[in-house]
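The structure under discussion appears below in the form of structure tokens.
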Amino acid sequence: MKKTDANLVFGNWKSTPSTISQAKSFIKRLDSKINKSSKKPLYFLAVPEVFIGELSKISLGSIGSQNISGVKEGQTTGLVTAMQVRSSGADFSIIGHSEVRERGENLNDIKAKVELSLRSKMKTVLCVGEKERDNSGKYLSKIEEDLKSTLSNLDKGLLDSLIIAYEPIWAIGKDVGATPQECFEVIISIKRALSDIFGEKYGKKVKIIYGGTVNEINATSYIEEGGANGLLIGRSSQDVNTFSKIINSCHE
Ligand code: PGA
């Protein structure tokens with residue numbers, strides 16, 4: 001595929017693997033399999049928070065967090081701040097993943113987390129996506145509204161580090177993902193929303209990636225035909241052979 005530096009490959013390990021030694025061995029095998037001639041960043045991998053410190057020291061890619069707490073430094077037992085995550089080695093964080101929203105995270109939480117994450121100097125991947133589709137296209141306006149309520153008032157100076165992940169919820173953890181055409185249609189709509197919020201010049205700075213049942217067969221189609229600047233990959237990032245193949249194919 002046509003190589004651009006903009007192909008951003010994000011993995012999301014979710015609650016895997018079981019131990020730090022398994023995680024380290026995965027990273028070593030991954031780094032030995034990927035093509036290092038491509039320009040950095042080679043990959044971004046969101047790992048369990050407690051693994052960030054150790055993995056960020058050994059990985060050739062960027063290690064990040066799957067969520068942040070949304071609290072500021074202070075008296076909140078058991079919660080870790082964005083700045084603490086950043087200082088332990090995270091280059092980025094994912095915010096608003098549907099599995100986190102499912103556990104009660106709301107738009108106000110997401111708005112606060114996006115700002116905290118960006119202000120802590122992490123790249124920030126904001127996930128949006130519809131639960132289901134309807135023929136009249138209401139899901140598109142819902143995604144646009146979601147973006148507007150989350151991002152309005154955000155300082156334009158922070159936009160260089162913002163990435164939107166379009167993740168149709170019906171395509172996460174399934175056998176079949178969205179088609180590249182379905183992805184393309186929503187990416188256009190996300191771009192429109194970003195232009196409305198920030199103006200065209202600033203809206204364009206924000207990269208948009210696709211997630212939902214990405215595998216080694218469909219991966220590049222979302223970039224080539226689907227208009228995405230990269231991918232957010234769950235299960236296929238948890239297998240070292242598959243993830244390395246996807247990374248290499250996106251950087252060819
Ligand atoms: P999946 O997960 O690739 O396993 O469908 C995607 C995600 O949850 O981001």
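The values are calculated or read from the model by the stated rules, or taken from the named source; none is laboratory data. Worth saying up front: this structure is predicted, and the values here are computed from it rather than measured. In this analysis, Cβ positions are derived from the backbone assuming ideal geometry, glycine residues included, and neighbour counts consider all displayed protein chains. SASA here: full protein model, heavy atoms, side chains in, ligands and nucleic acids out. Shrake-Rupley method; radii C 1.70, N 1.55, O 1.52, S 1.80 Å.
Within the range 129-149, is there a residue that is open to solvent by 80 Å² or more (accessible area, probe 1.4 Å), within 27 Å of residue 43 (Cβ to Cβ), in a loop (DSSP other than H, G, I, E, B) and acidic (Asp, Glu)?
There is no residue in the range 129-149 that is open to solvent by 80 Å² or more (accessible area, probe 1.4 Å), within 27 Å of residue 43 (Cβ to Cβ), in a loop (DSSP other than H, G, I, E, B) and acidic (Asp, Glu).
So, in the range 208-237, exactly how many residues are among the charged types (D, E, K, R) and within 16 Å of the ligand (Cβ to nearest atom)?
Total meeting the criteria: 2.
Taking the options 123, 113, name whichever one is among the charged types (D, E, K, R) and open to solvent by 30 Å² or more (accessible area, probe 1.4 Å).
Details: 113 fails: open to solvent by 30 Å² or more (accessible area, probe 1.4 Å).
Result of the check over 123, 113: 123.
Among the residues of the range 35-53 satisfying the criterion of being over 20 Å from residue 100 (Cβ atoms) and in contact with a helix residue (DSSP H, G or I) (Cβ under 6 Å, 6 or more places away or on another chain), which is least open to solvent (accessible area, probe 1.4 Å)?
43
Return yes or no: is residue 202 open to solvent by 10 Å² or more (accessible area, probe 1.4 Å) and closer than 24 Å to residue 111 by Cα?
Yes.
Can residue 105 be described as open to solvent by less than 70 Å² (accessible area, probe 1.4 Å) and part of a loop (DSSP other than H, G, I, E, B)?
When the stated conditions are applied, residue 105 passes them.
Quick test of your reading of the structure: residue 189 fulfils all but one of (1) open to solvent by less than 60 Å² (accessible area, probe 1.4 Å); (2) within 13 Å of the ligand (Cβ to nearest atom). Name the failing condition by number.
(2)
Looking only at helices (runs of 4 or more DSSP H) that fall completely inside the range 178-252, which ones have 3 or more residues that are within 16 Å of the chain's Cα centre (by Cα), of a type in the set (S, T, N, Q) and at pLDDT below 95?
In the range 178-252, there are no helices (runs of 4 or more DSSP H) which contain 3 or more residues that are within 16 Å of the chain's Cα centre (by Cα), of a type in the set (S, T, N, Q) and at pLDDT below 95.
Quick grid of which residues meet (1) free of Cβ contacts under 8 Å to residues at least 12 places away in the same chain; (2) more than 14 Å from the ligand (Cβ to nearest atom):
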| residue | (1), (2) |
| --- | --- |
| 66 | no, no |
| 70 | no, yes |
| 77 | yes, yes |
| 84 | yes, yes |
| 112 | no, yes |
| 119 | no, yes |
| 126 | no, no |
| 136 | yes, yes |
| 143 | no, yes |
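Can you name every residue in the range 150-177 that is more than 19 Å from the chain's Cα centre (by Cα) and either within 15 Å of the ligand (Cβ to nearest atom) or in a helix (DSSP H, G or I) (or both)?
Listed by number, the residues that qualify are 156, 157, 175, 176.
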